[in-house]
1. Which residues of region A:312-333 bury at least 50 Å² of accessible area once all protein chains are present, versus their chain alone (1.4 Å probe)?
2. What accessible area, summed over both chains, is buried at the B-C interface (1.4 Å probe, Å², nearest 100)?
3. Starting with the highest mean, order C:306-313, A:111-118, C:146-153 by the number of other Cβ atoms within 10 Å, averaged over the residues of each peptide.
4. From the Cα gyration tensor of region B:99-152, with a ≥ b ≥ c the square roots of its eigenvalues, which class applies: rounded if a/c is under 1.5, or else prolate if a/b is larger than b/c, or else oblate?
5. Just to confirm the numbers: residue C:160, label point 7 angstrom along the Cα-Cβ line, distances to the other copies in nm, shortest first?
6. I'd like the accessible area for residue C:81: 1.4 Å probe, protein heavy atoms, all chains in place, Å² to the nearest 10.
7. Is region B:229-284 best put as rounded, prolate or oblate by its Cα gyration tensor, with a ≥ b ≥ c the root eigenvalues, rounded for a/c under 1.5, and otherwise prolate when a/b is larger than b/c, oblate when not?
8. Would you mind calculating the relative contact order of region C:183-242 from Cα pairs under 8 angstrom and at least 6 residues apart, reporting the percent as a whole number?
Amino acid sequence: MSNDTKPAGLPTLPNAASRRDFLRKAGLTALVAPVAASALGACSDAKAEAQANTADATGGTMPGHGAPAAPAAPKSAATMTLAEKRANADRMDAHHEKGIKAFPAKTEGLGNQLLAPRMEKGVKCFDLKATVRRWETEPGKTVEAWVYNDQLPGPMIRVKEGDRVRITLTNDLPESTAIHFHGLELPVEMDGVPFITQPPVKPGDSFTYEFTVPNAGSHMYHSHHNAAKQVALGLLGAFIVEPKTPRAIERVDVDYTMILNDGVHGYTLNGKGFPATEPIKAKLGQKVRIRFMNEGMMIHPMHLHGMHMTVIDKDGWAQPAPWKCDTLNIAPGERWDVVVTANNPGVWAFHCHILPHAETEHGMFGMVTALIVEK
Amino acid sequence: MSNDTKPAGLPTLPNAASRRDFLRKAGLTALVAPVAASALGACSDAKAEAQANTADATGGTMPGHGAPAAPAAPKSAATMTLAEKRANADRMDAHHEKGIKAFPAKTEGLGNQLLAPRMEKGVKCFDLKATVRRWETEPGKTVEAWVYNDQLPGPMIRVKEGDRVRITLTNDLPESTAIHFHGLELPVEMDGVPFITQPPVKPGDSFTYEFTVPNAGSHMYHSHHNAAKQVALGLLGAFIVEPKTPRAIERVDVDYTMILNDGVHGYTLNGKGFPATEPIKAKLGQKVRIRFMNEGMMIHPMHLHGMHMTVIDKDGWAQPAPWKCDTLNIAPGERWDVVVTANNPGVWAFHCHILPHAETEHGMFGMVTALIVEK
Amino acid sequence: MSNDTKPAGLPTLPNAASRRDFLRKAGLTALVAPVAASALGACSDAKAEAQANTADATGGTMPGHGAPAAPAAPKSAATMTLAEKRANADRMDAHHEKGIKAFPAKTEGLGNQLLAPRMEKGVKCFDLKATVRRWETEPGKTVEAWVYNDQLPGPMIRVKEGDRVRITLTNDLPESTAIHFHGLELPVEMDGVPFITQPPVKPGDSFTYEFTVPNAGSHMYHSHHNAAKQVALGLLGAFIVEPKTPRAIERVDVDYTMILNDGVHGYTLNGKGFPATEPIKAKLGQKVRIRFMNEGMMIHPMHLHGMHMTVIDKDGWAQPAPWKCDTLNIAPGERWDVVVTANNPGVWAFHCHILPHAETEHGMFGMVTALIVEK
């Protein structure tokens, strides 16, 4: 069962109402403090705060999001009255609460959806069309995106070791392109590097990749032409290869793929920034496999609250022995597979621990989601 | 025995005089060349050099510290006479020597000090008060800091697996806050994420965390509210959990916790930049455990000279087998525990190997300390 | 056999003609599409594109190379005709093809060449002279470099565990300097840190390091004085120590050292940027050892196409068990040794997967090379 295949056993994404319901059942909403009504008039203050926070030489801040900064309040903390401090806190907290309450926020478009193959004489056939579209990364924020099959990340391809697959790429971009199957040990003609292994695929043209899937694991496909731009804009997707003989540790209840990205679209998980990211859900005692994939330009040390992760695979290859951590550093191009035993009920923050990738003065954003363990 | 507990068996920090004494005994001062008196008049040159080095798009340079740059001397190296080169070298070397001789430099305030619990009916009770203060990161450089109990890093909490602990946070900041116990697998109500697991703790208010310590290892506590700012300003500390049954490899003579940080306070180890960092001291043959913790926004590959490090734990979890290195890459949110056998006498540089985090034209700064192995 | 020792069994670098020959024999040139002649007139367009791409706050882009950016075409993709898109693609592809066809491009100067020792009464003696010179990093791009023996990286020193070695450094720079042997566990007097273990070596002076080589592995030597500048400018090299008793896994056919760097010289492998980088060549079935060394300021996750890498050593120390990957994250100061079984014939891209370190709108550059597996 996996998020990717949307099996009947896994509930669909809760909408805001059902999520509040879940939190209430879990006894969590009782903990949430009411926010002063005056906070609703805080927009102009918020704008000033954001402007004061635009300079950041170190943290890789994204345009439009505030950076960590020394407080530049008109009054220093030392001379503020307690009432002023509390009013200040209420204004800020209202922004934070608003973000949390919106999670998981609806946005237009959902990437990383399983692509069912079309069978042709025993060959699993997939069609990928590269186009330009607008993509909503968080509520109200849309960006230009270059996508496969209208999705960002592109549709998930999921096959078995030894399968024969045929993938037809059609290029409807204003540039040439090509697909590299990152991690698959293919014949060189199928490697997708223009001018080394194939000609570039011109606008309006198609190119067909066909091969027998050689090695299992969590792999990726993405453009390998003008890739610093094309991948940053969204020409990427997961390529999962199930092994012929799964190991015992691979027998899990939830199989989740999390593609990390940064760059022109902001800090995203599967193409969305918090609060539009997707929570991972498990029932108490279930095993959750998470396949981390980094398609960005920066490292992202992903931190799970409340439970540890057992690392089993690197780039689709089993580690000599599983090992445990709660913060896993994922570098560009890497894939790491972990298994979490969901033995601690609650809503658990799950985020990049480069804090400017996860939070601003206005609350959480970017690379933040939750692992929800239901009793 | 540990740096944290300041046992009688470990000497206090040497002052400049006693350190020179140590170096002399170790036969090292004989190696140090005298610096030309003319170097003392080099300040104006130094200022010009620093100004020439302010632009750096790549290295994450901190304000106030020079960046690596191609030499922009008024005369090119090719046309300088040997006498001019030596005069140039003497000027620069005087700055370098001054920094080394100042180490370990006294500054106001010392963080990461062990906090003794107050016992209440078998519960270990700790009080943490969050306030704003000035903090001296290196001699003469003070910054605004947000601190627990006037310390940066906050006081070390050190307990045992299975202990019952109660931690009362009082907020005297101009914002709300909360504490997340990073790495501890707590009941969700104690996880410290405002609007998900608890209300934010408003200015003037308190909040009490109470739990039975679930898992051993090197963990951290820090703010999880507006954290990109609050942690960067200093709301962080070590949370060490001793195991019920220590492994043989954990029987060490010196137990040192090194918290790495970057951001608005500059590059720091335990809240101080070189030469105000603290040397680690061991006698020949002793075993030294170092608990690296990264509370910053960047990776820091820590390099030890003269001896290797044996990596034993990641995020408080034993690695399947210990492994050796001399440079260990520590990402934000990660903790790595290593053991060094102090079998090589001398004063050994120990620093981040992103060189712009450790040295400028004016000498070492930032993330530099020493492991001193005494015969 | 190694790239470093240039054994007779390994062909010299192919020139452009012989490389095209190789590609043709491998059936690859047939795949390469002809480029429209009109592409030759594309220079002015290219310039405009490059100018549009200079702003990049996140990716660490080097001066002179374009950054990933949302397309800023005068016409949006939606309103372009197919003919306009194809013309646009042809212009861009011509740049990409030109770079690939130039590989491996000739440049003046070759670093990392094995330095034969001079034997003196059983001691292996090496002379290293530090000077300033111009260095060609890619065709037509020369930069100021600070070098050992006119090479960048400096000459490779390759000795055996237990050897007695004597290294005489002569300083012809406009600054003082010193050499640290990064990874070697030497007596402290030989550690090369001015004012801690020795006086700085002034311009015009010499200093002799002498020691018995204590530990095997892939190590480095580099300046440890004003190092953020001196190492960035080129004062670095490989120091390989062969073990007394090699492990079975170390019996390889090709032994290649790859020194990664970034900073003022751009993104380089062994001192050169693509297309001036050196391909690694192996015959089908051979085993290739690659010794990665990072002398820069950033991580570089190196990705090999077509085959996996088996990681055997970290910083010269055997990992507890070899493990596999296709993307290996190498942090500043780290060395990682891997073995690749060259079982997949073809020309395989091999590059840093931080894509802005490897490709621009104008094609591949920087940290890109190829592993060529010949049938």
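The values are calculated or read from the model by the stated rules, or taken from the named source; none is laboratory data. Keep in mind the model is a prediction, meaning the values are calculated, not measured. Virtual Cβ from ideal backbone geometry, glycine too; neighbours counted across all protein chains shown. Each accessible area value is taken on the protein alone, full model and side chains, heavy atoms only, with ligands, DNA and RNA left out. Shrake-Rupley method; radii C 1.70, N 1.55, O 1.52, S 1.80 Å.
1. A:317, A:320, A:323, A:324, A:326, A:327, A:329, A:332
2. Working: alone 17170 and 17140 Å², together 29660 Å².
The summed interface area works out to 4700 Å².
3. Details: C:306-313: 21.6, A:111-118: 18.5, C:146-153: 24.4.
Put in order of decreasing packing, that is C:146-153, C:306-313, A:111-118.
4. Judged from the Cα gyration tensor, region B:99-152 comes out oblate (a/c at least 1.5, b/c at or above a/b).
5. Inter-copy label distances (nm, one decimal, shortest first): 5.4, 5.4.
6. 70 Å²
7. Oblate, since a/c reaches 1.5 and b/c is not below a/b.
8. Working: 65 pairs, mean separation 20.3, N = 60.
It comes to 34 percent, rounded to a whole number.
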